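Structure record follows, encoded as structure tokens.
The values are calculated or read from the model by the stated rules, or taken from the named source; none is laboratory data. What you see is a predicted model, and the numbers here were worked out from it, not measured in a lab. Note: ideal-geometry Cβ built from the backbone for every residue, glycine included; neighbour counts use all protein chains shown.
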Amino acid sequence: MERSSGILLHITSLPGNYGIGTLGKEAYNFVDFLVESGQKRWQILPLGHTGYGDSPFQCFSAFAGNPLLINLEKLAEKKLLKKDEFPSFSFDPEYVDFGAVVDYKYPLLEKAYQRFKKSAGRVGQMQFENFCLKNQLWLEDYAFFMALKNHHEGQPWSEWDHEIKLRNEDAMNRYRDHLGDQVNFYRFLQFVFYHQWLELKAYANINDIKIIGDMPIYVAFDSADAWANPEVFQFDENMNPRSVAGVPPDYFSETGQLWGNPLYDWDYLKETGFQWWIDRIKANLLLYDFLRIDHFRGLAAYWEVPFGEKTAIKGKWVDAPGDELLEAINKSLGKLPIIAEDLGVITPDVVELREKFGLPGMKILQFAFDTAEENDFIPHTYEKNSVVYTGTHDNDTTLGRYLESTEEEKQLMRDYFQINEKDPAWSFIRLAWSTVSSMAIAPMQDILRLDSSARMNFPGKPSGYWKWRYRSEMLTEEHALDLLKITRTYGRR
């Protein structure tokens, strides 16, 4: 990796008029800010279609994009909507109310779909058909799943009628006939999403900005992936999980984190040459220039929790064939631009796997000055092949973390890098940019010097997060000039 730097900012956190950040003008403005400030990387969270809890790490598909990110003004430009059709509604400019956004947007997206069917013309229809054909590997399962989910009033597939839950052929055909137009609506949403996202990505790439995407290691239980591919997961004959994913007690939780995701049937995946994983990586690399694999340690060994447990305490470590998987991926797709999220309980086998395939790991500066325990996040221990972050979406903001630091921790910061106690967030950014790590990333909250009220997520808490947004006037030319200065000072441009 070339020496570079960038900003972590999810699409939902962009400013805008309709309750949530989208793939419209504000996203292009942010690319312009990256150019102005000398940055070369834009890191985002997973782009998937979120469900209960609104977490981008628990999505209805490992492939489909989130329809809420579709920009309505771009649909109006294509004459699929009219501006006077947009209802008047006052959204909070700093926090996403996902329920209100769903209620506002989906009727408009439905209207755009109906207009597309009538007015697309031959070229538009052929573009749509080509998209569906190119992506049929995942698109058909996803669109049918979402139509079924809508028909069942949002219930998880595990609570559907037995025959459709178990994918009985007669039931599948009957529902396909009944829900044909709804299925096509969800195909259309993906057609629009992919078109808008790939246009934005092209604009970023033309401006020498590369996108770092984020791929959860697991899929959600209530997902098209789990329902349509039960053989890939550890399900019994009734498609109930035998065990589920989580992590043991750690820094974030005394009882561990019970994620509830279905675990992979690695024996089946081996027998099929890991084709499901290869298809997934290939699809992600269409969307991103770099791919961060979340919870990379689960490819060396994963925490298996018996289904039905209320916490993750009674789990156990089980070996995973990460070596064989990465070999198969490299053989099929070539050496890939993957970043390994190697945080948490890291054992020698995880380090060995990462190093064997030359994957950069992650360094979190907020962890470096925790005097309560030993850590390997102090900057003079970093290696070049790594990505340094002031903090991630799972951490408090750097200002929030600093304000909660003990006097002993603050003294360590003074001794180590002479922190500016009136501007601790910027001091951490400067320190990150100064390290030997090839890539340095700061969340937008740190660029804006925001406190804990701007925190994006709190691991282990199922709801109430992922809502933060910034207002356009908060990001100024002064931010760009300050960032450009340290970027040039430390040779990241």
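What is the residue count in region 145-174 for residues that are in contact (Cβ under 8 Å) with a residue 60 or more places away in the chain, of a type outside the set (S, T, N, Q) and in a helix (DSSP H, G or I)?
Counting residues in region 145-174 that are in contact (Cβ under 8 Å) with a residue 60 or more places away in the chain, of a type outside the set (S, T, N, Q) and in a helix (DSSP H, G or I) gives 5.
What number goes with the only condition from (1) surrounded by 15 or more Cβ atoms within 10 Å (Cβ to Cβ); (2) under 18 Å from Leu189 (Cα atoms) that Glu110 does not pass?
(1)
Counting only residues that are among the basic types (Lys, Arg) and at negative phi, give me the helices (runs of 4 or more DSSP H) lying completely in region 378-493 with at least 1 of them.
Here the list reads 398-404, 407-417, 424-434, 477-489.
Scan region 269-277 and tell me whether some residue there is within 20 Å of Pro56 (Cβ to Cβ) and assigned to a loop (DSSP other than H, G, I, E, B).
No; the residues of region 269-277 include none that is within 20 Å of Pro56 (Cβ to Cβ) and assigned to a loop (DSSP other than H, G, I, E, B).
For Tyr251, are the conditions met, namely being closer than 27 Å to Gly53 by Cβ, among the hydroxyl-bearing types (Ser, Thr, Tyr) and crowded, with 20+ Cβ neighbours inside 10 Å?
Against the criterion (closer than 27 Å to Gly53 by Cβ, among the hydroxyl-bearing types (Ser, Thr, Tyr) and crowded, with 20+ Cβ neighbours inside 10 Å), Tyr251 does not qualify.
Can you list residue pairs whose Cβ atoms sit under 7 Å apart, with the first residue in region 357-377 being in a loop (DSSP other than H, G, I, E, B) and the second being basic (Lys, Arg) and at pLDDT 95 or above? Count only pairs 6 or more apart in sequence or on different chains.
Close Cβ pairs satisfying both conditions: Phe377/Lys363.
Tell me, which strands (runs of 3 or more DSSP E) lie completely within region 282-324 with 3 or more residues that are more than 19 Å from Leu198 (Cα to Cα) and hydrophobic (A, V, I, L, M, F, W, C)?
Where strands (runs of 3 or more DSSP E) fall fully within region 282-324 and carry at least 3 residues being more than 19 Å from Leu198 (Cα to Cα) and hydrophobic (A, V, I, L, M, F, W, C), they are 301-306.
Among the candidates Thr347, Thr371, which residue alone is more than 19 Å from Ile447 (Cβ to Cβ), in contact with a Leu (Cβ under 9 Å, 6 or more places away or on another chain), among the polar types (S, T, N, Q) and modelled with pLDDT under 95?
Being more than 19 Å from Ile447 (Cβ to Cβ), in contact with a Leu (Cβ under 9 Å, 6 or more places away or on another chain), among the polar types (S, T, N, Q) and modelled with pLDDT under 95 holds for just one of Thr347, Thr371, which is Thr371.
Out of region 449-473, which residues are charged (D, E, K, R) and in contact (Cβ under 8 Å) with a residue 24 or more places away in the chain?
Arg449, Asp451, Arg455, Lys467, Arg469, Arg471
Is at least one residue of region 474-482 β-branched (Val, Ile, Thr) and either in contact with a Cys (Cβ under 6 Å, 6 or more places away or on another chain) or without any contact (Cβ under 8 Å) to a residue 12 or more places away in the chain (or both)?
yes
Can you name the residue in region 431-464 that is hydroxyl-bearing (Ser, Thr, Tyr) and within 17 Å of Val96 (Cα to Cα) and, of all such residues, is surrounded by the most Cβ atoms within 10 Å (Cβ to Cβ)?
Filtering first and then ranking leaves Ser452.
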